[in-house]
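Just so you know, all these numbers are worked out from the coordinates, no wet-lab data involved. Note that the structure is predicted; figures quoted are calculated from it, not measured. Positions of Cβ are backbone-derived with ideal geometry, glycine not excepted, and every protein chain shown enters the neighbour counts.
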């Protein structure tokens, strides 16, 4: 089926070339980083994880979000989603590729990466994260590819695939749970040290992933002959509504516990993020913007008439995606490091090379996404053609 | 050799630092740089990117004259024991680069195995771990003066205080040659301990009643940094000043830290 990704219109080639260009620039800067060291980034002793790991965390969510189309179809036999499960799976694959690349660009000595396998230890959550992320990537490739091939050949998917499909459902929950465990088991990092971190990650994942999928579905309808379907988009809209409400609710639970208990280790991070601490307030406008976007999106989505209006739904989805990105991709990691365990406020801002490398990884992810979606839609169009 | 191992009971090397004696001269930091081949920058004003295995912090009681008071606090790696070796950095390392030795109580770091994920830095509440953001650059000719006992690190790996472990190895070799099974207290001392002109730092086996640290750590004014996190550090601090002891953890306004200090 790979050949389907090679045939396309001029516009398709233009888009691919553009992505290749951004990815190429990213690679050049990454080579520079490899040669010089991570000193070209804005990270420091106090904030030792920055933009790369933040993107990684957010994208694990997007990958897990694919579950929201797979689960209703396979566990609840919700037929309508049969049309778009492949899109959810392929979105997960490209998000996972980005996750793994973001980890790779964050390593000081990526050439020694395999030491995770040579000197493994079950004590480290990063070891488990390596297993769940690669495992989920593998599951999605196996399931997505075989289901699509069966669809192309007008045959039911092979029987041996079923266990993999069922396994992929709890596995999706697993990837984001383990990713939350990376952070929430560290003594001295009060912002992350909360049992609700994994549920909160999942809630934002189930909002951000489907929101992105809705936007992709609308785009697909516009630029191809395949229509993912009105009902499908509306059901996703409902899922996003629940997920984003739960996400904001979980966040408010967090705020209550920290602010009412007045425990400095937990309170100071929120104070830093939303009001500034000791005169440092770089993230304050971003954090308020995140909350504003998410709350506005809820107000739009909760009203059935507004939600049924597709342009409104699209706007709400953009808000959900950007809001959760700011909340998780920007505030979550920096917020955990600032103030540090000795309560010094040392801020972090990414550097230009860091942002270029980040853009490069996103471009690679979109390249994978474009190719996979091209294949999936190519097959859908073929099947439609055969049916006349 | 087997016989020797049988007769050696597990050690817990640690420090007791008297903050009332520390003058903040920084000799410990300099001695540490020279001893452990620690790279430095041409411009050391940006401390966030510096590598300082031993770092002297300046604390202040933030009061106006005449009540104003300051205190200097030297901070090496705490060599946290955690609970049964579950110290924060050891437990998170995905490649078993860092390990808690049950023989010496020293938290080790294998530089050539580390791939620079910096998870240990996120886990360490003391900022005792440092990342090589670039390759070390030595002033011309200085590479010939580096210590042959300590390997030089490259960009992209994490490093930290080792309690001058090479000195322990040297002392052990000497003891073995001389037919002894154990290392004497004065035979194994860290560079910072010996460099301190105020004798503020005392180093030894916290388990050994013959070592000075055994007695000193039981001082009623002894405390450890962020003790309540349960990291079980092996570096003790002593100060007669209450505000100094209070700076060692995040206490609430009216909390009395002296009353909850635990002894180990």
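Hydrodynamic analysis of chain B uses the Kirkwood radius over alpha carbon pairs. Inserted into Stokes-Einstein at 20 °C and 1.002 mPa s, it gives a translational diffusion coefficient of 110 µm²/s. Shape annotation for segment A:163-260: C-alpha extents along the principal axes are 54, 35, 19 Å, from largest to smallest.
The Cα atoms of segment B:61-170 give a gyration tensor whose axes a ≥ b ≥ c have a/c of 1.5 or more with a/b no greater than b/c, which makes the shape oblate. Taking every pair of alpha-carbon atoms in segment A:107-165, what share in percent sits in each 10 Å bin, from 0 to the bin with the longest distance? Per 10 Å bin, starting at 0, the Cα pair percentages come out as 19, 34, 21, 19, 6. Dividing the alpha-carbon radius of gyration of the protein assembly as shown by the rule-of-thumb value 2.2 N^0.38 Å gives 1.08. For chain A, the relative contact order comes to 29 percent (Cα pairs under 8 Å, sequence separation of at least 6). Overall shape: oblate for segment B:118-264, with the ratio a/c of the largest to smallest alpha carbon gyration tensor axis at 1.5 or above and b/c at least equal to a/b. The order of B:173, B:99, going from fewest to most other C-beta atoms within 10 Å of their C-beta, is B:173, B:99. The mean sequence separation of alpha-carbon pairs under 8 Å and at least six residues apart, normalised by the residue count of segment B:2-259, gives a relative contact order of 28 percent. Put simply, the C-alpha atoms of segment B:102-158 give a gyration tensor, and the ellipsoid matching it has half-axes of 24, 16, 10 Å, longest first. Size of segment A:39-189 from its Cα atoms: along the principal axes, largest to smallest, the extents are 56, 29, 28 Å. Kirkwood radius, segment A:1-81, all distinct C-alpha pairs, inverse of mean reciprocal distance: 17.0 Å. Springs join every pair of Cα atoms under 10 Å in this Gaussian network model of chain B, and among B:90, B:158, B:183 the largest mean-square fluctuation is at B:183.
Quick check on segment A:264-386: take the gyration tensor over C-alpha atoms, sort the square-rooted eigenvalues as a ≥ b ≥ c, and tell me if it's rounded (a/c under 1.5), prolate or oblate. Taking the square roots of the gyration eigenvalues as a ≥ b ≥ c, segment A:264-386 is oblate. The residues B:83, B:254, A:123, when put in order of fewest to most other Cβ atoms within 10 Å, stand as B:254, B:83, A:123.
Counting only other chains, and only Cβ atoms inside 10 Å, what mean value do you get across the residues of A:109-116? Could you put the intermediate results ahead of the total?
Numbers: counts 12, 4, 2, 9, 5, 2, 11, 5.
Partner-chain Cβ atoms within 10 Å, mean over residues of A:109-116: 6.
With Cα atoms as the point set, the radius of gyration and Dmax of chain A evaluate to 21.1, 69 Å. Going from the residue with the fewest nearby Cβ atoms within 10 Å to the one with the most, A:118, A:249 rank A:118, A:249. What the pair-distance distribution of segment B:174-253 shows, using all Cα-Cα distances binned every 5 Å from zero, is 3, 13, 18, 21, 19, 12, 7, 4, 2, 1, 0, 0 percent. The reciprocal of the average 1/r between distinct C-alpha atoms defines the Kirkwood hydrodynamic radius, which for segment B:1-80 equals 15.8 Å.
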